[in-house]
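Below is one structure, written out as structure tokens, with a few remarks after it.
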Amino acid sequence: MNKVVITLLLSLAPFLSQSQTFEKYENMKEVDAMVMTSKMFKMLAKVDLSDSDPEAKQYMKLIENLDRIQIYKSSDPGVMSQMAADVKSYLNKTSMEELMRVNDNGQNIKFYSVPGKNDNYVKELFMFLEGKNADKPISVILSITGEIDLSQLSKLTADLNVPGAEELKNANKKS
């Protein structure tokens, strides 16, 4: 019995450590953090909307299939360096595919994903931004997990005011 438990824990360890990679930033004073969980999405999905707004219905369908959104943003040079190292480590440990790279107006933005049930869906969308925003250095980590409909995602990231949302919107128009 002990061997089964140990084997199970060892097989789950990589998944548990991946989800912990960025949570350390939540309590750092140099980091602006926002984490939304599936409980929040389920609560939002219960909001009664009129049948006359199909866009709002599609938006609700998108968020009810999400598990978690994590956004971490910092302008502290030490934290930015740590974020870059953690992102590199995370990408080396996961089976993410690069979606696109954008170098625009002093910002380097990279998007990655884990494939979903078909070409229109991903299980995780990951973005890392390094650069300047209003002449201040900035690093942003964005991770969205769940059954993510790429055609609806740019609206959500724009509503959350995530740097790089415009690039994601443009990428969706190309695909």
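A short reminder: the numbers here are calculations on the coordinates, not readings from a lab. If you're wondering where the values come from, they're calculated on a predicted model, not measured in any experiment. In this analysis, Cβ positions are derived from the backbone assuming ideal geometry, glycine residues included, and neighbour counts consider all displayed protein chains.
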Label point distance in nm, A84-E26, each placed 7 Å from Cα along Cα→Cβ: 2.7
Cα-Cα longer than 20 Å, checked against K29/K93; K73/K132; K39/K123; K61/K93; K24/K132, kept in input order, equals K29/K93; K61/K93; K24/K132
Grab the other residues whose beta carbon is less than 15 angstrom from that of K123, score K and R as +1, D and E as -1, and report the net. -4
Which net charge results for the neighbourhood of Y112, defined as the other residues with beta-carbon distances under 13 angstrom from its beta-carbon, given Lys and Arg at +1 and Asp and Glu at -1? +2
What order do you get for 91-103, 134-146 when each peptide is scored by the mean count of other beta carbon atoms within 10 Å, highest first? 134-146, 91-103
